[in-house]
Amino acid sequence: MEKISGALRRAKSTRAIVVIHEWWGVNANIEAVCDRIARHGYTALAPDLYHSVTATTPERANELMSQLNFSRAVEEIRAAGRQLKEHEGMDEVHVLGFCMGGALTLLTALQTTEFSKAVFFYGIPPRAAGDLSRIRIPVLGHFANQDDWCTPTSVDELEREFSEGKVPSEIHRYEAAHAFANERRPEVHDPAAAELAWKRTFDFLAR
């Protein structure tokens, strides 16, 4: 198996999380997320879906996301999960993503069998991308009420889809803006909402 490029942080356990980056790429924020996860006892691997390219402006980030082949990205995420199991000795691997990565997390949960649980922050794939009611692993979602991409209405629709499909799911909403967990974006970062979301995340993964 070809080694997956990206950010890797090892912890002294047999639990791991594959981290899926936002539309910016594997940047300082994603490196910090991997550090946080490792401090909580999980090995973290963030595959570089842009292959050594990062964006610093929304225009460039949108360009990179628009060029990304989502089906191929899911296969790279799956390969990252296999790498953690086969080469890092992990017994339990989860997947977690933000924004674009949150949408990819749901597609990964739908289309693969490598992962035990999925956590997604303010990301929903287009409805045409797949029937999310067919997800069978436990999922946890975090959304912002001030979000013009993953709007409260779209979150309502996602919850109905999960309910109809009996997907084992938890959805939490926060009085915050999109990307509230991104510590590198002070204009939207909400420390209280972010810390609560992370607490809920690690509690969910530990159950």
request  = Might you let me know whether the stretch 145-155 holds any residue that is under 22 Å from Ser71 (Cα atoms) and of a type outside the set (Val, Ile, Thr)?
outcome  = yes
ask   = Restricting the search to the stretch 160-207, which residues are more than 16 Å from Phe121 (Cβ to Cβ) and either outside any loop (DSSP other than H, G, I, E, B) or among the charged types (D, E, K, R) (or both)?
value = Arg160, Glu161, Phe162, Ser163, Glu164, Gly165, Lys166, Glu187, Ala206, Arg207
key: Candidate set: the stretch 41-100, residues that are among the basic types (Lys, Arg) and farther than 20 Å from Asn27 by Cβ; chosen: the one surrounded by the most Cβ atoms within 10 Å (Cβ to Cβ)   = Arg78
remark   = Going through (1) over 16 Å from the mean Cα position of the chain (by Cα); (2) surrounded by 17 or more Cβ atoms within 10 Å (Cβ to Cβ); (3) under 28 Å from Asp35 (Cβ atoms) one by one, Leu106 fails only at (1)
message = Given the criterion in a strand (DSSP E or B) and more than 12 Å from Ile17 (Cα to Cα), identify the matching residue among Leu96, Leu140.
response = Leu140
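Every read-out reported here was derived from the displayed coordinates using simple, explicitly stated rules and does not represent laboratory data. All of these numbers come straight from a predicted model, not from anything done at the bench. With ideal geometry, Cβ positions are generated from the backbone for all residues, glycine too; neighbour counts draw on all protein chains shown.
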